[in-house]
Every structure is written in structure tokens, then in C-alpha cells.
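The values are calculated or read from the model by the stated rules, or taken from the named source; none is laboratory data. Remember, predicted model here, so these are calculated numbers, not experimental data. Glycine gets a Cβ as well: all are built from the backbone with ideal geometry, and neighbour counts include every protein chain shown.
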Amino acid sequence: MRHLPYFCRGQVVRGFGRGSKQLGIPTANFPEQVVDNLPADVSTGIYYGWASVGSGDVHKMVVSIGWNPYYKNTKKSMETHIMHTFKEDFYGEILNVAILGYLRPEKNFDSLESLISAIQADIEEAKKRLDLPEHLKFKEDNFFQVPKGKIMNGH
Ligand SMILES: Cc1cc2nc3c(=O)[nH]c(=O)nc-3n(C[C@H](O)[C@H](O)[C@H](O)COP(=O)(O)O)c2cc1C
Ligand SMILES: Nc1ncnc2c1ncn2[C@@H]1O[C@H](COP(=O)(O)OP(=O)(O)O)[C@@H](O)[C@H]1O
Ligand SMILES: [Mg+2]
């Protein structure tokens, strides 16, 4: 993981609409171009860090990078779940993420319930680790000082 922390931004696009919202775990998906530009040594797997939408507040997040073996996707995706309750969807807005640490590889599961439990465990672990001073400091990073009203392009 030579590239961590890894900072990136991009527009939030529609995913496969698998209803992760119904599971209680919505994920904001990045466009293909952002996924294709990930450094080669940011391997697939589950990571944690900080995220903000546009020039909004910075929140804890978990991000999944890969092919979602449970669903056997053919396209690599990068999806961020932000540990915050938003009033509305933010498709089309710019998502800013700072990826700080690695949790585990992507896995296949016997049931949807076990996939959901694994994601919930990731969220709890991420919340704990992000309270460490070495991670907390990135919440205030200049990367998140996005001027209000400034139009950002790509990432
Ligand atoms: C923290 C986290 C961990 C995840 N772990 C896995 C995993 O181990 N295996 C897997 O197939 N999908 C995993 N996923 C991806 C979910 O399957 C995915 O979010 C779901 O398919 C919704 O996709 P959509 O945004 O395209 O609708 C994970 C997602 C998150 C946020
Ligand atoms: N806490 C959150 N984290 C991530 N996305 C959220 C959150 N709350 C609302 N959303 C919205 O939900 C969308 C993702 O829902 P999801 O069911 O994964 O659909 P899709 O398959 O289109 O990605 C995001 O693009 C965003 O607009
Ligand atoms: Mg999604």
C-alpha cells in the first residue's frame, strides 16, 4: 500500500441499482474513469478514510474497490459508504475521499445476510480506527477545503 493516504475526487454516478439503500448501506459510486486511474498498487479490497460531498462536512467512510464477488460484476467499481445520514441523494455532486487504511480483501458470501454483517463489521472497525490521532489529522487536511461554488472537474 505505498500509495496510502490516497486522495481522489469525482462525480457521483449511478451504480448497478442493486438497492444497497434498501440494505441500509447506500454506496456513492465513482465513474469508470476515476476507477481506471487508481494507482496499480492500490489493490482491490475494503478500505476506510474520510469523505465529503462538495464543500460539505467531512465524515468517516468505508470504500469498496473491486468486482463485488458476491454479485460477480464484470466492471471494477469504487463505492463509498459515508457514515452520515444525508437529507437527500447527491448524484452528480463531487465526492472527495481520502483513503487512509486497508481492512480486508473482497470476499464472496453464502447469503446476503452474511454480506451485510461483514459490511457492518467493516463500518464499526473503520469508526474505531479513524479515531486514532494519526488518522484524525486528515479530517482537517487542505484537500477538503473545497471553495464553495467552485466548479470542480474530474478528480
Ligand atoms: C464496506 C463495504 C464492504 C463490501 N464488501 C464486499 C465484499 O466483500 N464482497 C462483495 O461482493 N461486495 C462487497 N461490497 C459491495 C456491495 O456488494 C455493493 O455495495 C452492492 O453491490 C451495491 O452496489 P451498487 O452501488 O452498484 O448498487 C462492500 C461494500 C462496502 C461499502
Ligand atoms: N450515507 C451515504 N453514503 C453514500 N451514499 C449515500 C448516502 N446517503 C445517501 N446516499 C445516496 O445514495 C446513492 C447510492 O445508493 P445505492 O443504493 O448504492 O445506489 P447506486 O447503485 O446508484 O450506487 C449515492 O449515490 C447517494 O446519492
Ligand atoms: Mg452504490
Can you name the residue in the stretch 9-37 that is more than 16 Å from ligand 1 (Cβ to nearest atom) and at pLDDT below 95 and is also nearest to Glu140 (Cα to Cα) among such residues? Asn37
Sole residue being away from ligand 3 (no atom under 13 Å from the Cβ) and in contact with a Ser or Thr (Cβ under 9 Å, 6 or more places away or on another chain), chosen from Gly15, Gly92, Gly66, Gly10: Gly66
Filter result (assigned to a strand (DSSP E or B) and in contact with a Pro (Cβ under 9 Å, 6 or more places away or on another chain)) within the stretch 8-41: Gly10, Gln11, Val13
Would you check if there is a residue in the stretch 49-58 being more than 23 Å from Glu140 (Cα to Cα), touching a residue at least 40 places away in the same chain (Cβ under 8 Å), away from ligand 3 (no atom under 13 Å from the Cβ) and not charged (D, E, K, R)? no
Among the residues of the stretch 21-42, count how many are touching a residue at least 24 places away in the same chain (Cβ under 8 Å) and either within 21 Å of Phe144 (Cβ to Cβ) or in contact with a strand residue (DSSP E or B) (Cβ under 8 Å, 6 or more places away or on another chain) (or both). 13
Exactly one of Phe16, Phe7 is within 13 Å of ligand 2 (Cβ to nearest atom) and touching a residue at least 24 places away in the same chain (Cβ under 8 Å), and that one is Phe16
Any residue that is surrounded by 15 or more Cβ atoms within 10 Å (Cβ to Cβ), away from ligand 2 (no atom under 12 Å from the Cβ) and of a type in the set (Gly, Ala, Ser) - is there at least one of those in the stretch 19-36? no
Scanning for something in contact (Cβ under 8 Å) with a residue 60 or more places away in the chain, on the phi < 0 side of the Ramachandran plot and of a type in the set (Lys, Arg), does the stretch 79-98 turn up at least one residue? no
